[in-house]
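Just below is one structure, and these are the notes that go with it.
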Amino acid sequence: SLILMLDECTNIRNVNDADSIGHWKNAFKNLFDPDNKEVGLIISVTDNDPDNFPEPISDQQIRTRIGNSNFITLNRFDREENEEFVKAVLLVALDRAKVDTLIEKYGAEGAGENIDKTTFPFTVDGFNEFLNYSEQHEQAVPRDTLEFLDEIVNAAIVNEKRIITSSFVSSICMG
């Protein structure tokens with residue numbers, strides 16, 4: 001068996017030619033056909049409401065073939081979940097055995113902000129500022145949080161910052 005994944009299928013909305021939409025519908029009908037045992041398909045759509053999915057995904061024949069139980073909603077993180085997520089990423093991304101030594105060696109770069117092992121290389125205020133900017137409407141998308149984390153950390157490397165303060169996070173977000 002082969003499994004195909006189509007990410008960002010919301011962009012199918014940009015297809016407005018009737019023939020092209022028909023080709024997409026036909027492809028989805030074949031791929032989601034119950035007799036199809038060779039190829040599986042996973043699609044991701046930004047909207048969680050199937051009624052708002054772009055054509056051809058919103059087509060009733062396609063939705064019936066997919067089956068309501070196969071629509072899986074991935075929710076955004078609230079503040080607490082986003083904090084746990086980022087801390088877990090930092091936990092596996094950093095050599096935890098070296099954190100105490102690094103804090104001791106570079107702690108003065110924290111500009112007087114508190115440094116905690118669970119938020120390193122961020123100061124506590126820098127970490128909270130990061131969370132504030134990574135959330136949209138009090139929710140965070142894990143993919144966007146990771147992209148923002150990558151942006152902040154790369155900017156810190158380029159600017160030779162070993163401790164990421166709230167002012168540094170703000171400068172990246174405003175710049």
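Pairing each residue of region 29-58 that is at positive phi with any residue that is polar (S, T, N, Q) and open to solvent by 30 Å² or more (accessible area, probe 1.4 Å), provided the two are 6+ apart or on different chains, yields no C-beta distance under 9 Å. Listed conditions (1) open to solvent by 40 Å² or more (accessible area, probe 1.4 Å); (2) in contact (Cβ under 8 Å) with a residue 40 or more places away in the chain; (3) touching a strand residue (DSSP E or B) at 6+ places or on another chain (Cβ under 7 Å) are all met by N82, apart from (1). Evaluated against (1) open to solvent by 50 Å² or more (accessible area, probe 1.4 Å); (2) touching a residue at least 24 places away in the same chain (Cβ under 8 Å); (3) closer than 24 Å to L131 by Cβ, N114 falls short on exactly one condition, (2). Annotation: of all residues in region 1-31 being over 29 Å from D144 (Cβ atoms) and part of a loop (DSSP other than H, G, I, E, B), the one that is farthest from the chain's Cα centre (by Cα) is D17. Report yes if S69 is polar (S, T, N, Q) and either closer than 21 Å to S1 by Cβ or in contact (Cβ under 8 Å) with a residue 40 or more places away in the chain (or both), otherwise no. So S69 fits the description; yes.
Every residue in region 89-111 that is among the aliphatic types (A, V, I, L, M) and open to solvent by 50 Å² or more (accessible area, probe 1.4 Å), please. Before you say what the answer is, go through the steps one by one.
Here is the first cut: in region 89-111, the ones among the aliphatic types (A, V, I, L, M) are 89-94, 97, 99, 102-103, 108, 111.
Within region 89-111, L91, V92, A93, L94, A97, L102, A108, A111 meet the criteria.
Scanning region 48-59 for residues that are in a loop (DSSP other than H, G, I, E, B) and either surrounded by 14 or more Cβ atoms within 10 Å (Cβ to Cβ) or modelled with pLDDT of 90 or more (or both) gives F53, P54, E55, P56, I57, S58, D59.
Kindly indicate whether I164 is over 14 Å from F85 (Cα atoms) and touching a helix residue (DSSP H, G or I) at 6+ places or on another chain (Cβ under 8 Å).
Details: over 14 Å from F85 (Cα atoms): yes; touching a helix residue (DSSP H, G or I) at 6+ places or on another chain (Cβ under 8 Å): yes.
For I164, the condition - over 14 Å from F85 (Cα atoms) and touching a helix residue (DSSP H, G or I) at 6+ places or on another chain (Cβ under 8 Å) - is met.
Under 8 Å by Cβ, and 6 or more places apart or on different chains, what pairs join a residue from region 150-164 that is assigned to a helix (DSSP H, G or I) with one that is of a type in the set (S, T, Y)? Matching pairs, first to second residue: none at all.
Under 18 Å from F71 (Cβ atoms) and either open to solvent by 70 Å² or more (accessible area, probe 1.4 Å) or of a type in the set (A, V, I, L, M) (or both): does that describe L2?
Values: under 18 Å from F71 (Cβ atoms): no; either open to solvent by 70 Å² or more (accessible area, probe 1.4 Å) or of a type in the set (A, V, I, L, M) (or both): yes.
Against the criterion (under 18 Å from F71 (Cβ atoms) and either open to solvent by 70 Å² or more (accessible area, probe 1.4 Å) or of a type in the set (A, V, I, L, M) (or both)), L2 does not qualify.
Hey, could you check region 133-162 for residues that are within 18 Å of V92 (Cα to Cα) and open to solvent by less than 80 Å² (accessible area, probe 1.4 Å) and say which is modelled with the lowest pLDDT? The residue in question is P142.
Would you please name the residue that is farthest from the chain's Cα centre (by Cα), looking only at residues in region 117-132 that are assigned to a loop (DSSP other than H, G, I, E, B) and surrounded by fewer than 16 Cβ atoms within 10 Å (Cβ to Cβ)?
Checking each candidate, the answer is K117.
The criterion of at least 2 residues that are more than 20 Å from the chain's Cα centre (by Cα) is met by the following helices (runs of 4 or more DSSP H) wholly inside region 60-116: 60-66, 96-106.
The values are calculated or read from the model by the stated rules, or taken from the named source; none is laboratory data. Quick caveat: nothing in here was measured; it's all calculated off a predicted structure. For neighbour counting, all protein chains shown are included, and Cβ atoms are generated from backbone atoms with ideal geometry for every residue, glycine included. Ligands, DNA and RNA are stripped out before the accessible areas are found, and what is left, the full protein with its side chains, is counted by its heavy atoms. Shrake-Rupley method; radii C 1.70, N 1.55, O 1.52, S 1.80 Å.
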